[in-house]
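In what follows, a structure is listed as structure tokens, so that the remarks can point back to it.
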Amino acid sequence: MLMNEIEAKAASMAIDLNIDFNSIQLPRGEDCGIVSDDEDVYHDDQLEFDSGFGNVIVVDNLPVVPREKFEKLEGVIRKIYSQIGVIKEDGLWMPVDPETKKTLGYCFIEYNTPQEAELAKEKTNGYKLDRAHIFAVNMFDDFDKYMRENLQKWLTDEKARDQFVIRAGTDTEVLWNDARQSKTELVYKRSYWTESFVQWSPLGTYLATVHRQGAAVWGGANTFNRLMRYAHPQVKLIDFSPGEKFLVTYSSHEPSNPHDANVRLSDSSLRVVINIFDVRTGKVMRDFKGSADEFTIGGAGGVAGVSWPVFRWGGGKEDKYFAKLGKNMISVYETETFSLIDKKSLKVENIVDFSWSPTDPILALFVPELGGGNQPARVSLVQIPSKVELRQKNLFSVSDCKMYWQSNGEYLAVKADRYTKTKKSTYTGFELFRIKERDIPIEVLELDNKNDKIIAFAWEPKGHRFAVIHGDNPRPDISFYSMKSSHNLGRVSKLTTLKGKQANALFWSPGGRFIVLAGLKGFNGQLEFFNVDELETMATAEHFMATDIEWDPTGRYVATAVTSVHEMENGFNIWSFHGKLLYRILKDHFFQLDSLFWHCGIMIVVVLWKMTVLVAPKAPILLER
């Protein structure tokens, strides 16, 4: 039954659907005897505070000293703490304020064992260095747990509201999405908060700002305090690791004395600096420097010809590995020592692209065909750190290839564009890898009309279905497929094809089941809210000239936006998951790539509404300037 039918039925029976859910209170722990459908998700996404830093202590209330007294203070601290246990090489880290060049009054000390760290805490907590400086010593794991609990307090909002940030003009605003009241509520507003852009970290713990002298992260229980600075002059781009342990910063600049100022500098003349910081301590764990030419291979976009992100993270949220594409090789690093695995790169002749599994340390590699087809193209799956090849598939007559991982790492779809026999045209098919099954079986899928152009492809998050937009504009078809079927679980099957839709983009709900079929930009913002379980349209709507769409991470709301590039009705709309417009906000000069983000708690439904906090990441809407 569609939502409008439900509303009509309720009206005929004089039933008011406008329920004040805030007035409904269940006894703590009561679920009316019905287990929530989301219980497995709740347990999967519980906060994990085991950071693996059991051998690290934080020593606070140290003297704040200038650069010239740094070594003396470091020597005093090392003398005190080396009497208790063995401090690791480079195991004493004292952060410095990049502006004042003075220490910040605390340090981190890493011992060989957790037992030594515990003993150091016990022996020196309360140690009186002088009258004004009495040490406060904590285990890093305890400190980190407290900080994360404090920084993620927004998840316990009693109304289970979403929080997001926007940039318009010189102002940056963090807002509650109070959908029941059809409005926003201001959390924090600041002018000139950033000199470039803002960005949430993947799990929603930090809000990052970018400045001429570097980047900074902000957070807190009730307001946004600056937590750490990362000194990197003229930084242009930043990227968090999936588990938020590391921050990658990028800058490029021209040589100070180019030989000929009248000649346009090439990529080989631009100097690139990339730093990888520990997010919590601000320490530079590894830096990379070179010409822009050394960082131009792979990726989808960046500055000065450099593809971004240069480094791609693997191993899931543990942040164990990161890798960079090079000429005829992939350089894979591990984050325990920040050195190459086996001290050497993985040699792959003529490799042009790779991607990590979202959950496992598995690389998917693509090598194009060579020698006029004498050597076919291939896709390989490689286990890290062993570098053992798990599976390989040769692809013949291939002109191009794109790889799409399903969010749980269960499936990999390889879209292969192939030449016809005459070589005058191409057609497209899919190679579907079942990663979790024995021997990783592969299926070939061709569309009913294999000559159809593929406009968009998207996996259902955490699910087994995918959608494809195919055919010719302005009214292509949309087909839905499942990697499972009632007759044969090991075969892909088509669920349905929707004919002649004004859509060029697909936006699945983070929880699956629902999808928005969108016609952006040239398609004038046509929206269709579709229920894939029932294979029926829930609503159709329009946000004229919409440029961007994003679900909130809980799957309750959808935001559509028009950025200032169109100079008319700039702002955003908030919709329910089934396509009801809840409210709209108009903002002059609404702009910035990634300028609308979600930062959310969630309600879980059990007969009545039951308040349960579920960790949900912030996710960006891509707003183009």
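The values are calculated or read from the model by the stated rules, or taken from the named source; none is laboratory data. Quick caveat, the model's predicted, so the values are computed rather than measured. Counting neighbours? That spans all protein chains shown, and the Cβs are built from the backbone with ideal geometry, glycine included. Quick note on the areas: whole protein, heavy atoms, side chains included, nothing else; ligands and nucleic acids left out. Shrake-Rupley method; radii C 1.70, N 1.55, O 1.52, S 1.80 Å.
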Exercise. How many residues are over 16 Å from residue 478 (Cβ atoms) and of a type outside the set (Gly, Ala, Ser) when one looks only at region 534-551?
Worked result: 8
Seminar exercise, completed: Per the filter on region 171-196, residues at pLDDT below 90, within 30 Å of residue 319 (Cβ to Cβ) and not in a strand (DSSP E or B) are 196
Exercise. Just checking, which of 386, 407 is surrounded by 16 or more Cβ atoms within 10 Å (Cβ to Cβ) and polar (S, T, N, Q)?
Worked result: 407
Exercise. On the given criteria, is residue 459 under 18 Å from residue 484 (Cα atoms) and open to solvent by less than 30 Å² (accessible area, probe 1.4 Å)?
Worked result: yes
Exercise. Before we move on, is residue 515 of a type in the set (A, V, I, L, M), touching a strand residue (DSSP E or B) at 6+ places or on another chain (Cβ under 9 Å) and assigned to a strand (DSSP E or B)?
Worked result: yes
Exercise. Got a number for residues in region 332-358 being farther than 23 Å from residue 435 by Cα and free of Cβ contacts under 8 Å to residues at least 40 places away in the same chain?
Worked result: 10
Exercise. Residue check, residue 611 against (1) over 26 Å from the mean Cα position of the chain (by Cα); (2) at pLDDT 90 or above; (3) crowded, with 19+ Cβ neighbours inside 10 Å, all met but one. Which one?
Worked result: (2)
Seminar exercise, completed: Checking 619, 559 in turn, the sole residue that is at pLDDT below 65 and of a type in the set (Gly, Ala, Ser) turns out to be 619
For this session: Go through region 117-169 and tell me which strands (runs of 3 or more DSSP E), entirely inside it, have 2 or more residues that are at pLDDT below 90, out of contact with any helix residue (DSSP H, G or I) (no Cβ under 7 Å at 6 or more places or on another chain) and open to solvent by less than 50 Å² (accessible area, probe 1.4 Å).
Result: 162-168
Seminar exercise, completed: By residue number, the members of region 59-75 that are touching a residue at least 12 places away in the same chain (Cβ under 8 Å) and open to solvent by 40 Å² or more (accessible area, probe 1.4 Å) are 60, 61, 64, 67, 70, 74
Exercise. What about residue 596, is it open to solvent by 20 Å² or more (accessible area, probe 1.4 Å) and either in contact with a Leu (Cβ under 8 Å, 6 or more places away or on another chain) or modelled with pLDDT of 55 or more (or both)?
Worked result: no
Exercise. For residue 214, are the conditions met, namely being open to solvent by less than 30 Å² (accessible area, probe 1.4 Å), over 19 Å from residue 242 (Cα atoms) and modelled with pLDDT of 90 or more?
Worked result: yes
Problem set entry | Tally of residues being open to solvent by 30 Å² or more (accessible area, probe 1.4 Å) and in a loop (DSSP other than H, G, I, E, B) across region 340-369 | 10
Exercise. Do we find that residue 114 is surrounded by 14 or more Cβ atoms within 10 Å (Cβ to Cβ), closer than 26 Å to residue 244 by Cα and either at pLDDT below 90 or of a type in the set (Gly, Ala, Ser) (or both) in this structure?
Worked result: no
Seminar exercise, completed: Among strands (runs of 3 or more DSSP E) entirely within region 376-448, at least 2 residues that are within 24 Å of the chain's Cα centre (by Cα) and farther than 24 Å from residue 469 by Cα occur in 377-383
